[in-house]
Amino acid sequence: MPTMPTPPLLLSFYGDDLTGSTDVMEALALRGVETVLFLDRPTEAQRSKFPDVKALGLAGTSRSESPAWMDEHLRPAFDWLAEQGAEICHYKVCSTFDSSPAIGNIGRALELGRAAFGHRPVPLLVGAPQLKRYTAFGELFAAYRGEVFRIDRHPVMSRHPVTPMHEADLRRHLAGQTDLSIALVDHLALSDGDADAAVDAALGAEPGAILLDVLNAATQRSAGRQLQRLAEAGCRFAVGSSGVEYALAEAWKASGRIPGAARFSPLPPVDRLAVVSGSCSPTTERQIRHAEAEGFSAIAFDPRAFIAGDEAAIAAMTEAALAHLAAGRSVLVHTAMGPESDLGEEIANEAGARHAIGRGLGRLQARLVREARLTRAVIAGGDTSSHALRQLDVHALTPRFPLAETPGSPVASAHSDDPAIHGLEIALKGGQVGNDDYFVKLRSGIPG
């Protein structure tokens, strides 16, 4: 019997870290776009298990990698994504745009994607009002604890331990990462009745990229329409935050191509939850303290043990965590408590040190899930999640329960050849994401 053709894809994407990738999956799922996220390029057998998806993605680690790593790994990833034939391919970056010439170089990724998709101008969209991220006249703003800051004055992102943001003008920021020219279509032009003319004028100059401001719902709708128009003009590779999906979904819904909404079955409570966290964010710090106050057994662990391979210390911590789970308590193992706990310069020059922390937490979580027979687990930290989940033998994720009140932190269903892991409900949370009760709510359950 001949193989049935695969339906055409609306979107393909590459996430520069794992939580960023699940952020895209969530944004699509909430709007009724069936999506699968692969951790690596899938085999034919793995791809065939998801015949009806309208979007597919690859979860990467490029946010924490060098340009040389990108040259080796992003080129084949973009080539594979180009072969999938989606209308638009999105290189997903964090909505705070933190990056540097040496680490997570967005400019280099833009160059590689542009080459894979025909050397056409690359739409660039970062603003996402749903995430309280805004761009105006090309400058990026982000909220923190109810107040909006220019990104270079943001209390957290201006002091990021690896890629602090010292420039809010995204074109100036990218000028340190690429020689490509970047045009701007600002929010005033997108709000005007001649938005098409403004975008066409920018396109006619053939820049390397075109930055589209998104400041509010109206400019987001306009930007979504322009993303479609640019794709029709051959600009099929885009760079940006999950604001790309939010904007496109508005356009797809307006044209009747997607439902625009979806329902998910309730997330029931679980008797025990295991959380591992490598996040240095003050947001995660508050979540850890709140969880401990609500009965979680919190275990502070020195991350240097993972870097040094101190098996005795790791074994002792693991047995302590398993003992808490055996006693019926939820457990939370963390290697940091806020920005001041970051090891910073101590490990900055030690190759692979931060990756080793993520992998160590992943091996720990895999053991906790298997030995305690857990059905739900959490990994906190964007870079941590990227390296940790790969230790659980997961090859794909699909949406289980998007958390609309805290976008960017969904619960996913794990797909694995390991029966102990297959079907695991797993939440992957970036450092800045979620309310104080995030971990507690995942234990207590959420109605549909």
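Numerical summary
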| read-out | value |
| --- | --- |
| Selection from the range 334-391 of residues that are among the charged types (D, E, K, R) and either modelled with pLDDT under 95 or touching a Phe, Trp or Tyr at 6+ places or on another chain (Cβ under 8 Å) (or both) | 340, 342, 345, 346, 350, 354, 359, 383, 390 |
| Residue that is buried (at least 21 other Cβ atoms within 10 Å of the Cβ), assigned to a strand (DSSP E or B) and at pLDDT 95 or above, where the choices are 78, 13 | 13 |
| One residue from 239, 214, 275 being touching a Gly at 6+ places or on another chain (Cβ under 9 Å), open to solvent by less than 10 Å² (accessible area, probe 1.4 Å), under 24 Å from residue 403 (Cβ atoms) and touching a residue at least 60 places away in the same chain (Cβ under 8 Å) | 214 |
| Residue list for the range 392-447, filter: in a helix (DSSP H, G or I) and either at positive phi or among the aliphatic types (A, V, I, L, M) (or both) | 392, 440, 442 |
| Sole exception among (1) in contact (Cβ under 8 Å) with a residue 24 or more places away in the chain; (2) open to solvent by 10 Å² or more (accessible area, probe 1.4 Å); (3) among the aromatic types (Phe, Trp, Tyr); (4) closer than 25 Å to residue 430 by Cα for residue 69, by number | (1) |
| Contacts under 6 angstrom Cβ, first residue in the range 391-404 being closer than 26 Å to residue 448 by Cβ, partner among the charged types (D, E, K, R) and buried (at least 22 other Cβ atoms within 10 Å of the Cβ), 6 or more apart | 402/26 |
| Members of the range 309-327 found to be loosely packed, with under 14 Cβ neighbours inside 10 Å and either touching a residue at least 60 places away in the same chain (Cβ under 8 Å) or not acidic (Asp, Glu) (or both), listed by number | 309, 312, 315, 316, 323, 326, 327 |
| Conditions (1) at pLDDT below 95; (2) touching a Ser or Thr at 6+ places or on another chain (Cβ under 8 Å); number of the one not met by residue 65 | (2) |
| Options 263, 257: the member that is in contact (Cβ under 8 Å) with a residue 60 or more places away in the chain, under 23 Å from the mean Cα position of the chain (by Cα) and more than 24 Å from residue 95 (Cα to Cα) | 263 |
| Residue check, residue 389 touching a strand residue (DSSP E or B) at 6+ places or on another chain (Cβ under 9 Å) and either within 20 Å of residue 130 (Cα to Cα) or part of a strand (DSSP E or B) (or both) | no |
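The values are calculated or read from the model by the stated rules, or taken from the named source; none is laboratory data. Because the structure is a prediction, the values reported are computed rather than measured. Neighbour counts are summed over all protein chains in view; Cβ atoms, including those assigned to glycine, are modelled from backbone coordinates with ideal geometry. For the accessible areas, the whole protein counts, side chains as well, though only heavy atoms, and no ligand, DNA or RNA atoms are used. Shrake-Rupley method; radii C 1.70, N 1.55, O 1.52, S 1.80 Å.
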